[in-house]
1. Filter region A:78-113 for residues that are aliphatic (A, V, I, L, M) and part of a strand (DSSP E or B); which is surrounded by the fewest Cβ atoms within 10 Å (Cβ to Cβ)?
2. If we keep just the residues of region A:117-159 that are assigned to a loop (DSSP other than H, G, I, E, B) and away from every other protein chain (no Cβ under 14 Å), which is surrounded by the most Cβ atoms within 10 Å (Cβ to Cβ)?
3. Tell me which residues, restricted to region A:50-87, are among the charged types (D, E, K, R) and either more than 18 Å from A:THR99 (Cα to Cα) or in contact with a Pro (Cβ under 7 Å, 6 or more places away or on another chain) (or both).
4. Do you know which residues across region A:264-279 are more than 19 Å from A:LEU65 (Cα to Cα) and among the hydrophobic types (A, V, I, L, M, F, W, C)?
5. Across region A:261-280, what is the number of residues that are of a type in the set (A, V, I, L, M) and touching a Lys or Arg at 6+ places or on another chain (Cβ under 6 Å)?
6. Would you confirm whether or not region B:143-155 contains a residue that is under 20 Å from B:GLY27 (Cα atoms) and either out of contact with any Cys (no Cβ under 8 Å at 6 or more places or on another chain) or surrounded by 13 or more Cβ atoms within 10 Å (Cβ to Cβ) (or both)?
7. Look at B:HIS102 and say whether it is within 18 Å of the chain's Cα centre (by Cα), within 14 Å of chain A (Cβ to nearest Cβ) and either assigned to a loop (DSSP other than H, G, I, E, B) or not acidic (Asp, Glu) (or both).
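FYI, it's all coordinate maths here, none of it is from the lab. All values reported here derive from a predicted model rather than from experimental measurement. With ideal geometry, Cβ positions are generated from the backbone for all residues, glycine too; neighbour counts draw on all protein chains shown.
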Amino acid sequence: MHIHSRKDWELPDSAATPEKHFRNRRAFLKSLGMGIAGAAFAGRVSAATRGFPTTRNPNFNDTSLRLTPEDFVTSYNNFYEFGTDKAEPKIYANQGWETEPWSIEITGLARNRTRIDVNDLIDRVGGIEQRVYRHRCVEAWSMVVPWDGFALRKLVELADPTEDARYVRFVTFNDPDSAIGQARGNLPYPYVEGLRLDEATNELAFIATGVYGKPMPNQNGAPLRLVVPWKYGFKGIKSIVQVDFVATQPRNTWQIMASNEYGFYANVNPNVAHPRWSQASERIIGEGSFFNPGRKPTLMFNGYESQVASLYEGLDLRRNY
Amino acid sequence: MANADAPFPVRVLRSKAFVLPLIVVFGLWPVWPLFVRQDPSALADPPKFVLLHLGFTACVLLATVLCFSPLRILFPGSGAALALNRHRRLVGVSAFIYGVLHFTMHLLYEGGFGVLATDITTPFMVIGMATLAILTALAATSSNLAIRLMGGRNWKRLHRLAYVAAGLAAWHQAEARKLFPMQVVWIFGPVALLQAARVWRNLSRRKSGA
């Protein structure tokens, strides 16, 4: 069988940016930025504005879940590139760090290795939608978040991995001049995460370009981040610049830091404790008070067992944490 | 001892009316982000915020009180060092009280005593509780009466455990976050340095005396 492998410069018609987007709002604002009136706004325009407003996908909208207030979602952040304190990313990620323009690179064992602008990518994958997902941090707290974005599977299809590709490796930006945590060197940067290819093409795996119907705030990982709701939050790598298709299991950043505490899979599992704390229950952010624990039992695979359990048949989850 | 003509800063440092409110305000600091500023990153999980702050306060006070006596020995002529040594009991007992509040907050946060069953299986929690156990013994024997009943030597020997407590507290604090928190170094670093200076001085004295 003849397989036509596309050259880097051979873009399909769908890749061409429609004219209406060509002269989009941001270009207009940017030109304003040159003038006096726009100067104050120019730095505040965030990337990946394409596709809004979104509509919620009814297949990913468990109405029994109560959304975590937006203020908490955008103010209580683990984004160590901008400091290890929960309050720091909101401050330090908004002091001149540029997320526009932003492009990602598709590399490795893929037929369509290319560099693509995030807004163009959103057009290529057919726009964005909203999904309501549970979010469980490895620190035993949880949120319910309405993410805007597209299925990771669409990005994988666009990249067209070869038969040798078995894992996807994601890499974050590396810019110590803009990111105080990277300058402090609190983790080995750039941050790296990975998924098995069959995990990446699971219907739940999601690339978010926004939250609460708005473009992704910098502190939540602008302009695009991974969301894998059946795994602990640290798997959700933020501000992705590279999607690399590889044959062997990549080492993710937290595994490099402390392999006895954090593994490659990081599936939410109430039965396997972290060496320093239990994972059996979780604190619900925004609920509970000093005398009301606001806790609930943690669910296997964070409540997504029916969608993902088949991925791990025969795998010892106690050893592959 | 009570010299009324001491310089003003030293007189301030000597007074309980200055030190006690300082300790209380330090512990009450979460009121500012939680109730005055209403900072959403603190309000997202207020008990956790308070829990961490109470533990932090206990660590700072424990490290502070252990600096007092080496300061007095290293700087014998200093009025400030003497003034600080008047507050050893106050600051030490305060560290214990914040430790108790921290532990109580932990129980509230985790939803009751049931959590102790899993706590005893993790070194991180066991170390924290061992620290508190030592501080409890020291606070219980902090009165003048206890010193008289135990005898000075025994009392002194028991209260050397404060250094063990500091080591355990530093360890517990270092384990409390996903990454090693640098605050452990600046909280407990000065104690370690002052103790090292004291030991070094004692050794070099012994040498020159021989």
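1. Restricting to residues being aliphatic (A, V, I, L, M) and part of a strand (DSSP E or B), the top hit is A:ALA110.
2. Step by step, filter region A:117-159, then rank; the result is A:ILE128.
3. Answer for region A:50-87, where residues must be among the charged types (D, E, K, R) and either more than 18 Å from A:THR99 (Cα to Cα) or in contact with a Pro (Cβ under 7 Å, 6 or more places away or on another chain) (or both): A:ARG56, A:ASP62, A:ARG66, A:GLU70, A:ASP71, A:ASP85, A:LYS86.
4. Matches in region A:264-279: A:PHE264, A:ALA266, A:VAL272, A:ALA273, A:TRP277.
5. Total satisfying the criteria: 3.
6. Scanning region B:143-155 turns up no residue that is under 20 Å from B:GLY27 (Cα atoms) and either out of contact with any Cys (no Cβ under 8 Å at 6 or more places or on another chain) or surrounded by 13 or more Cβ atoms within 10 Å (Cβ to Cβ) (or both).
7. yes
Results for (1) over 21 Å from B:PHE103 (Cα atoms); (2) away from every other protein chain (no Cβ under 12 Å); (3) in a strand (DSSP E or B), shown as yes or no for each residue.
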site	(1), (2), (3)
A:TYR265	yes, yes, no
A:ASN269	yes, yes, no
A:GLN279	no, no, no
A:GLU282	no, no, yes
A:GLY286	yes, no, no
A:PHE290	no, no, no
A:ASN302	yes, yes, no
A:SER306	yes, yes, no
